[in-house]
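The values are calculated or read from the model by the stated rules, or taken from the named source; none is laboratory data. What you are looking at is a predicted structure, and each value in this text was computed from that prediction instead of being measured. Note that each Cβ is placed from the backbone with ideal geometry, even for glycine, and that neighbours are counted across all protein chains shown.
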Ligand SMILES: [Ca+2]
Ligand SMILES: [Ca+2]
């Protein structure tokens, strides 16, 4: 199981070619009451807030969503979100999250999402992937209907054919549904398939992680929202009626065949100039405001750890004043 879907989407070819393997940060956004048993995912990079951990949970939606990502993207970092919608978006902005996955429940639960924070997340290159819903006929709702989210319906293999799942909600406005992903796949922590657009969304999100990782290798930066949309539109296999349609959007998202000329070009070096006692630095020709002016110690120019982390695209996650320990996420 899963091999056929991976082969169809050319994930096996990209893995063999070593393409798209730059680590992406993926946030799993589910209901606050969702449980998570991290013991089912030992060896993977999963960050779970303490209030979400429930060791008795064995079959919860957030774990199936995460386990579906791990089929294709075992080396990415997964953040299980909690708190208010504003808390979650701020967390994703602060931690430079690449992809937010909303599989439970896109329809109706998150209508109160904070619009300026959502736009700030998208403006820094983040993408929100949503399940279309399993109502079958009444159109997308909630976050899935949001024009800025990537809304995903479900297809599956039936013998040698790919068919749309009859429960997969379609798009009564003709503008919201972006593409289709596979459900009926087996998450890494289970032995039976999971079905629903909840698991088609992580399938598409994991393919977007390959695309986005490869884009960063080529361009030295994250793709913008529009560049991600362009990647989706130019890499979907059209199904149902010709062209965009309300049942399947642009079609099934699939990676292109990797070719020799896909060798990533060398990324430009980061050139940083700093001056003692000045908070103005120069990063690749552009003025940059430092948190703290560099000072000369024993004849050497010392730049603060926080500034080094942030110039290279990272963020300082925490600092323990007692043990003098800093934790930072390195950027791309
Ligand atoms: Ca949408
Ligand atoms: Ca079509």
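Taken over the range 155-176, the criterion of being within 15 Å of ligand 2 (Cβ to nearest atom), under 26 Å from residue 1 (Cβ atoms) and either in a loop (DSSP other than H, G, I, E, B) or touching a helix residue (DSSP H, G or I) at 6+ places or on another chain (Cβ under 9 Å) (or both) is satisfied by 155, 162, 168. Inside the range 284-312, residues that are surrounded by fewer than 16 Cβ atoms within 10 Å (Cβ to Cβ) and under 26 Å from residue 91 (Cα atoms) make up a count of 7.
For the condition more than 15 Å from ligand 1 (Cβ to nearest atom) and at pLDDT 95 or above, residue 159 does not qualify. The criterion of at least 1 residues that are within 29 Å of residue 126 (Cα to Cα) is met, among strands (runs of 3 or more DSSP E) falling completely within the range 271-332, by 280-283, 286-289, 315-320, 325-329. For residue 290, the criteria (1) within 16 Å of ligand 1 (Cβ to nearest atom); (2) outside the structural domain of residue 8 (by TED's automatic domain parsing) hold in every case but one, which is (1). Against the test of being closer than 24 Å to residue 119 by Cβ and in the same structural domain as residue 132 (by TED's automatic domain parsing), the options 232, 239 yield a single qualifying residue, 232. For residue 145, which of the numbered conditions (1) within 23 Å of residue 67 (Cα to Cα); (2) without any contact (Cβ under 8 Å) to a residue 40 or more places away in the chain fails to hold? So residue 145 meets the others, but not (1).
Restricting 92, 130 to residues that are farther than 25 Å from residue 8 by Cα, touching a residue at least 24 places away in the same chain (Cβ under 8 Å) and away from ligand 2 (no atom under 16 Å from the Cβ) narrows the list to 92. With respect to residue 184, determine if the residue is away from ligand 1 (no atom under 16 Å from the Cβ) and assigned by TED's automatic domain parsing to the domain that holds residue 70. It is true that residue 184 is away from ligand 1 (no atom under 16 Å from the Cβ) and assigned by TED's automatic domain parsing to the domain that holds residue 70.
With respect to being away from ligand 2 (no atom under 15 Å from the Cβ), without any contact (Cβ under 8 Å) to a residue 24 or more places away in the chain and surrounded by fewer than 16 Cβ atoms within 10 Å (Cβ to Cβ), residue 191 fits the description.
For residue 199, are the conditions met, namely being within 26 Å of residue 21 (Cβ to Cβ), part of a helix (DSSP H, G or I) and touching a strand residue (DSSP E or B) at 6+ places or on another chain (Cβ under 8 Å)? Considered against the rule, which asks whether it is within 26 Å of residue 21 (Cβ to Cβ), part of a helix (DSSP H, G or I) and touching a strand residue (DSSP E or B) at 6+ places or on another chain (Cβ under 8 Å), residue 199 comes out as yes.
Residues that are buried (at least 20 other Cβ atoms within 10 Å of the Cβ), in contact with a strand residue (DSSP E or B) (Cβ under 9 Å, 6 or more places away or on another chain), closer than 22 Å to residue 127 by Cα and at pLDDT 90 or above within the range 7-45 comprise 9, 24, 25, 26, 27, 28, 29, listed in sequence order.
Would a scan of the range 231-250 turn up a residue that is surrounded by 16 or more Cβ atoms within 10 Å (Cβ to Cβ), more than 15 Å from ligand 2 (Cβ to nearest atom) and either without any contact (Cβ under 8 Å) to a residue 60 or more places away in the chain or within 24 Å of residue 104 (Cβ to Cβ) (or both)? Scanning the range 231-250 turns up at least one residue that is surrounded by 16 or more Cβ atoms within 10 Å (Cβ to Cβ), more than 15 Å from ligand 2 (Cβ to nearest atom) and either without any contact (Cβ under 8 Å) to a residue 60 or more places away in the chain or within 24 Å of residue 104 (Cβ to Cβ) (or both).
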